[in-house]
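Written out below as structure tokens is the structure these notes cover.
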Amino acid sequence: MRVILFGTPGVGKGTQAKILAEKYHVVHLSTGDMLRAALEAQTPLGLQAKTYMDKGELVPDAVIIGMIEQVLKSDKAKNGYLLDGFPRTVAQAEALDKILEQTAQKLDRVINLTVLEEEVVRRLSGRITCANCGAIYNKFYQPPKVEGKCDKCGSTDLRQREDDKEETVRRRLKEYHAKTEPVLAYYRAKNLVADVDANKTIEEVTKAIEALTLKRQAEPYSHG
Ligand code: AP5
């Protein structure tokens, strides 16, 4: 399975990627998580990325492509992957095509998750993430069973993301419409996009994605 989970900030890409990666034993590759890990480790890349992330702007293509290329060409990715947050510009999509060509691989699907914009702001204002294992919760929709404690690893280090303030979320949405939405047209032209209504519950969205990705894998591949 080589699938891109696409959509606005807060649509549920990370939530769905974690569920599907565990179920289908494929690797979940999130460029946002990679950048946050680099920042936590105070690497030069992390510190450089922080200046953009704090403002809700995209990190430059060269930084992102260099970072993801290493992983996509490594053994970690050889059995398939779910891409979350990449590609986010047409230049990144073109770079991914080059990597796929070099590794003789093909994409199965681009799942475009769609949600109402006001719902995005609500979801992100309620998001809490476990700093230890990365589990995602939501204080409105999906709180941990014991308040302040991760269900998966027991850590009490549950955090709100710096860039989930309403003002930064609006900026991230603006960046999405200006720079990321054109990537959809790029993949529609290749007949790879399937739209999924992500206003539904987490379980319903998972089922819809599974139906589309598994169905697609059974079909002959077509560039459209
Ligand atoms: P990144 O970390 O990729 O953030 P994002 O794309 O803005 O997406 P999010 O992680 O905010 O949302 P999500 O769709 O994963 O939603 P989630 O599942 O958590 O990027 C952060 C920054 O890094 C960028 O702004 C940029 O600066 C930089 N960056 C990263 N990649 C880059 C790239 N390729 N190029 C350039 N820069 C890059 O869900 C959100 C909340 O909703 C959670 O609380 C969850 O519990 C809840 N939820 C999920 N689904 C549902 C549902 N169906 N019903 C109710 N609640 C739900």
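Derivation of every value follows stated rules applied to the coordinates shown; laboratory data play no part. Since this is a predicted model, take the numbers as computed values, not measurements. Positions of Cβ are backbone-derived with ideal geometry, glycine not excepted, and every protein chain shown enters the neighbour counts.
For I136 and E166, what is the calculated FRET efficiency with R₀ set at 22 Å and r taken between the beta-carbons, to the nearest 0.05?
0.70
Does a label point 7 Å from the Cα of K55, set along Cα-to-beta-carbon, have any residues of the stretch 10-41 with amide nitrogen under 17 Å, and which are they?
none
What FRET efficiency, computed as 1/(1 + (r/R0)^6) with R0 = 22 Å and r the Cβ-Cβ distance, is obtained for R159 and E69, rounded to the nearest 0.05?
Using R0 = 22 Å, I get an efficiency of 0.15.
Mean projection of the alpha-carbon convex hull of the stretch 3-76 over all orientations, in nm²?
5.5
Cα-Cα over 30 Å: which of K76/K152; K23/K190; K106/K152?
With Cα atoms farther than 30 Å apart: K106/K152.
Need the full-extension length gain, T43 to E147, defined as separation in residues times 0.36 nm minus the C-alpha distance. One decimal, nm.
34.2 nm
Tell me whether the stretch 5-45 comes out rounded, prolate or oblate; compute the Cα gyration tensor, take square roots of the eigenvalues as a ≥ b ≥ c, and use a/c under 1.5 as the rounded threshold.
Here the stretch 5-45 falls in the oblate category.
On a full-extension model of 0.36 nm per residue, what is the gain between A185 and A62, subtracting their alpha-carbon distance, rounded to one decimal in nm?
42.1 nm
Please label the shape of the stretch 123-166 as rounded, prolate or oblate, based on the square roots a ≥ b ≥ c of the eigenvalues of the alpha-carbon gyration tensor (a/c under 1.5 means rounded; beyond that, a/b larger than b/c means prolate, else oblate).
oblate
For the chain, take N as its residue count and report Rg(C-alpha) divided by 2.2 N^0.38 Å.
Dividing the Cα Rg of the chain by 2.2 N^0.38 Å gives 0.98.
So, counting K/R as plus one and D/E as minus one, what does the shell of residues with Cβ under 12 Å around T103 add up to?
+1
Within a Cβ distance under 14 Å of K149, other residues only, what is the Lys/Arg minus Asp/Glu net charge?
That works out to +1.
Below 9 angstrom from the Cβ of F140, what's the summed charge of the other residues (Lys, Arg +1; Asp, Glu -1)?
With Lys, Arg at +1 and Asp, Glu at -1, the net is +3.
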